[in-house]
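Below: the structure, in structure tokens.
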Amino acid sequence: MKRIYLLMILACIVISAQAQTFTIRTVKNNLFIPWEIIYGPDDHIWFTQKNGFICRTEPVTGTTDTLYHATTTVVQGEGGMLGMAMHPAFPATPYLYVAYEYMQGGDYTEKIVRLTYFPTGDSLGAEMTILDNIEGANIHNGCRLHIVNDKLFISTGDAANQSLPQNINSINGKILRINLDGTIPGDNPIAGSPVWSWGDRNTQGMVYANNKLYTSMHGASSDDEINIIEPGRNYGWPTVQGFCNGGEVTFCNDSNVVEPIYAWTPTIAASGMDYYNHPMFPAWQGSLMMGTLKDNDLYFLKLDANFDSIINVIIIDTLSIGRIRDVCISPNGSIFLSTSNSQAGGGGSKIDRIVELYDSTFIPVKVPVQSAANSFSIYPNPAKDEITVTLKHNSVAGMDYRITNSLGQVVLSGKMTNRPISLKSLPVGLYMFQITSTKGERYTRQILKE
């Protein structure tokens, strides 16, 4: 009965074709599988290439710098240099976190390293391993990285070994959660273990939005999935594929299985994800944005008011750029996509690229911004635990406030009172504090959390 009810819900979801006009242009050509792309606080796109290079490109001119080459990276099938995450306080805290495969003895192995950015030499270095001994294989290596506050989330594949995802003593086929120095958080579901959730086949998309961690997972011949990750929960693989039905129901009930919020059969090879909520493309606002490898399309998955169900699927099928590996968004609303069409092996043809989608007619709404120096104060700044905000000619009570990190992600928001605002939940770093009056006036200032 449960399965029938779910099918009825899915039948009501609207599947739309392209609902916005846009311009597409190539930012950078002749790349080798740019696996991860990040729009950095320096208005450059930072990206990994599967053959071990980390680069940065200026999105208008396409001028590109090579910042690092991990020479021990081994490209083998789907393996190589994969996911990357930037510290939320970058560049004040100049760390990048990267996943790649290498040979450890005779074993193909995946590890997570931390690199330091040195602005004087415009390079990355001081590689430090923070997690090692993740099994690698020709297929199913994961590996997306995403930082939420001061914790690093890591997706690992089953490395073609279906016994690993349900084995909580293995770190394969999991979502892992570690501190940014590689230690294990004390509030993880299994004491002393990086395992946050389990039962994954091959998760290749991850984004944190709306206080939820969303992932996209490759199914086998059926049931690519969109999941909301919860700590200590089981996502079923290989016993359960997609929704719980038939002979899977008993295992689901006994094993604390979480069903996906959406699934595709036949599979589409769901890949990199981001959350789109910019007015440049109104029809796509409030959606998970996802690239696909098998059908070569860009998907927008419209979320409901609670952000835990998909109510509309918009498919952009006119791009003609091949397999879409990853996606990212600039602060002005432009969308960047990286492709995954190059010949495997690292020495083959380099035919991949990064492209931009934008609306050339979009005009941002200008909201008056007041002079922070004359009318707006924050004390103390730098701050440790809390700040007090005052406005020279008005009370701040009732105004909206938000605090964003260096990647433009909202980390705190709410209504102002005349009480101090607690910063205890924020990691050390540089942030932008903004309050908005009922007239739409904005007051903005940087704050430093020590």
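Let's see how each residue does on (1) assigned to a helix (DSSP H, G or I); (2) within 18 Å of Gln204 (Cβ to Cβ); (3) modelled with pLDDT of 95 or more; (4) not assigned by TED's automatic domain parsing to the domain that holds Phe22:
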| site | (1), (2), (3), (4) |
| --- | --- |
| Phe243 | no, no, yes, no |
| Gly247 | yes, no, no, no |
| Asn253 | yes, no, yes, no |
| Met273 | no, yes, yes, no |
| His278 | no, no, no, no |
| Gly291 | no, yes, yes, no |
| Leu301 | no, yes, yes, no |
| Pro331 | no, no, no, no |
Considering only the stretch 103-126, how many residues are closer than 19 Å to Ser170 by Cβ and of a type in the set (Ser, Thr, Tyr)?
2
Thr183 - would you say it is of a type in the set (S, T, N, Q), without any contact (Cβ under 8 Å) to a residue 24 or more places away in the chain and assigned by TED's automatic domain parsing to the domain that holds Asp304?
yes
Output the number of residues of the stretch 179-196 satisfying the condition of being loosely packed, with under 13 Cβ neighbours inside 10 Å and within 17 Å of Ala99 (Cβ to Cβ).
1
Scope the stretch 197-237; condition among the polar types (S, T, N, Q) and crowded, with 19+ Cβ neighbours inside 10 Å; matching residues:
Ser197, Asn202, Thr203, Gln204, Thr215, Ser216, Asn227, Asn234
Can you tell which of Thr120, Thr116, Thr93, Thr109 is without any contact (Cβ under 8 Å) to a residue 24 or more places away in the chain and closer than 24 Å to Pro185 by Cα?
Thr116
Just wondering, is there one or more residues in the stretch 72-89 that are touching a residue at least 60 places away in the same chain (Cβ under 8 Å), charged (D, E, K, R) and outside the structural domain of Leu430 (by TED's automatic domain parsing)?
yes
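The values are calculated or read from the model by the stated rules, or taken from the named source; none is laboratory data. Note that the coordinates shown come from a computational prediction; the quantities given were computed from them, not determined experimentally. Cβ coordinates were reconstructed from backbone atoms using ideal geometry, including for glycine residues, and neighbour counts include every protein chain displayed.
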